Amino acid sequence: MHFALTGLQGLTFPVVGARTDTPVTATTWADWKRFVLEPGGGPGQLVEPAGQAPVDAAMASAANPGGFAPRMLDRSAEREAYEERGVSNFPDSGALWYTDGGLLQTQPLGRVMGAANLLDRDLPDDARRVVLMIDTHSEDPSSATSWSDPDFRPTWLEGVSRALAILPAQSLYDDLRRVEKANTRIGWTLQLVDALEDHLDEGAAPALRDVLKEIAAARAGFRGDEPQRELDRDPAESASARELLERCVREIAGLRGKEPVAIDVISPLVVAERKGKDVKQLLAGEFMGDFGGFLSWELRDSDFALGYESTIGWIAEALGELGPDADQVERTVAAMEARELRSWEDAQRGQAGLGDLPLRDRARLAAMAIGASHMFAARVLPLDRALPGPVRSAARWVRGRLR
């Protein structure tokens with residue numbers, strides 16, 4: 001289990017620049033937290049130890065600054081791993097504050113597939129893996145026709161809400177395109193090696209092995225993204241010139257350890273198509289830039305049930321194409337239906353808005369708005385000294401009203 005994090009301190013590490021004897025000091029705010037969970041391990045492995053557990057990392061990774069305060073994680077046990085990766089300013093306290101990992105980590109599929117490749121080394125050759133991406137929107141653009149209507153006059157708030165909604169979707173589908181391109185480049189690599197194989201003489205293997213040693217030596221100085229470095233396996237002494245050439249090409253092309261990947265997407269479109277509706281009509285917490293569900297248990301319950309229903313629909317329609325026979329698919333669907341906490345039809349609150357929130361939730365939202373206005377008054381409006389006289393007077397008036 002890997003959690004993307006945005007660190008608020010920033011970690012520095014060296015990068016080789018034009019002057020090789022004087023590295024450039026770079027900073028990263030992108031971080032990760034990795035866990036290995038065991039079958040039958042019980043809930044304790046999710047919540048212990050406090051400050052270091054998966055639930056803590058999940059809360060930190062999801063702490064979007066639009067509605068949540070940063071969360072602290074205790075990384076003191078990983079000090080050595082950070083230092084091995086070249087980090088030079090790891091804090092003495094071992095504690096780091098984090099916010100939403102999605103702000104920076106826009107290529108999660110690469111991370112997932114890299115982790116899977118390490119596990120797959122020990123699997124049988126006939127084992128197959130599929131990467132499933134959960135897309136909670138999968139909006140059909142045909143349901144957003146107002147954004148191509150010249151008579152539509154969107155408000156500022158509608159524009160902000162729309163922008164916040166499409167940002168994560170764009171990142172995910174850009175990531176899918178990168179995977180598609182990597183699959184294509186792997187195919188080209190194999191074509192190139194096949195074309196050159198008959199032209200490799202007896203001296204090719206030692207020369208290619210020397211190239212690989214130079215690449216490995218240079219790579220050892222790079223900052224890695226994993227908490228622990230992957231231990232590269234040296235090519236076997238019996239490796240053929242063809243195998244060594246393929247390894248060289250993969251290293252240079254950034255395809256080291258990558259294999260063609262089968263990807264599919266679970267989304268509410270599965271249910272929308274069956275119900276004859278669009279996704280926007282099914283989602284309950286989509287308003288306020290997709291943060292509406294955080295304001296109400298009922299809306300979260302509706303969208304969770306929709307996700308469960310979408311997963312059952314995907315298994316029924318797609319799982320059989322990946323290897324399991326029809327009987328296995330039917331038994332899987334039956335098992336999931338038997339464990340369903342609540343049907344989506346009973347829970348659904350699709351297309352909810354602010355007016356659908358219970359009074360207690362609207363009161364909480366008002367309190368958040370007041371807090372945000374105070375922050376605006378305290379942090380932004382004091383800059384009015386740099387403004388022209390009339391604008392400065394208006395800013396002071398607004399600040400007084402907010403306070």
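Here, each number is a calculation from the coordinates, and none is a lab measurement. Computed from a predicted structure; not experimentally measured. Quick reminder, even Gly has a Cβ in these numbers, built from the backbone with ideal geometry, and neighbours come from all protein chains shown.
Spin-label pair Val112-Ala316: with each label point 7 Å from Cα along the Cα-Cβ axis, the two points sit 2.3 nm from one another. Within the same chain, lysines fewer than 8 places from Lys213 are excluded, and of the rest, those with a Cα less than 27 Å from its Cα are Lys258. As an exercise, use a Förster radius of 41 Å and the Cβ-Cβ distance of Phe152 and His199 to find the FRET efficiency, rounded to the nearest 0.05. Computed FRET efficiency for Phe152 and His199: 0.10.
Kirkwood-type hydrodynamic radius, region 310-371: 15.0 Å, calculated from all non-identical alpha-carbon pairs. Taking the average, over residues, of other Cβ atoms within 10 Å as the packing measure, peptides 22-34, 321-333 rank 22-34, 321-333 from highest down. Debye sum, Cα scatterers, region 273-354, no solvent: what log₁₀ I/I(0) at q = 0.15, 0.17 1/Å? These q points yield log10 I(q)/I(0) values of -0.60, -0.72. Between Ala262 and Ala218, the contour length at 0.36 nm per residue exceeds the Cα-Cα span by 12.7 nm. Across region 2-103, the mean sequence separation of Cα contacts (distance under 8 Å, 6 or more residues apart), normalised by length, yields a relative contact order of 36 percent. For the pair Ser76 and Ser171 in one chain, pulling the backbone fully straight at 0.36 nm per residue adds 31.0 nm over the alpha carbon distance. When the chymotrypsin sites (Phe, Trp or Tyr not before Pro) in region 66-146 are filtered for DSSP coil states and for at most 16 other beta-carbon atoms within 10 Å of their beta-carbon, the remaining sites are Phe68.
Grab the beta carbon distance between Ala366 and Met59, set R0 = 30 Å, and tell me the FRET efficiency rounded to 0.05. Efficiency for this residue pair is about 0.80. Each residue of region 53-60 was assigned a 3J(HN,Hα) from its phi angle through the Karplus curve 6.51 cos²θ - 1.76 cosθ + 1.60 (θ = phi - 60°); the sequence is 7, x, 5, 5, 5, 5, 5, 5 Hz, with glycine and proline shown as x. In the distance distribution for region 2-103, Cα-Cα pairs more than 24 Å apart total 30 percent.
Set the Förster radius R0 to 30 Å, insert the Cβ-Cβ distance between Leu119 and Trp97 as r into 1/(1 + (r/R0)^6), and round the FRET efficiency to 0.05. Approximately 0.45, to the nearest 0.05.
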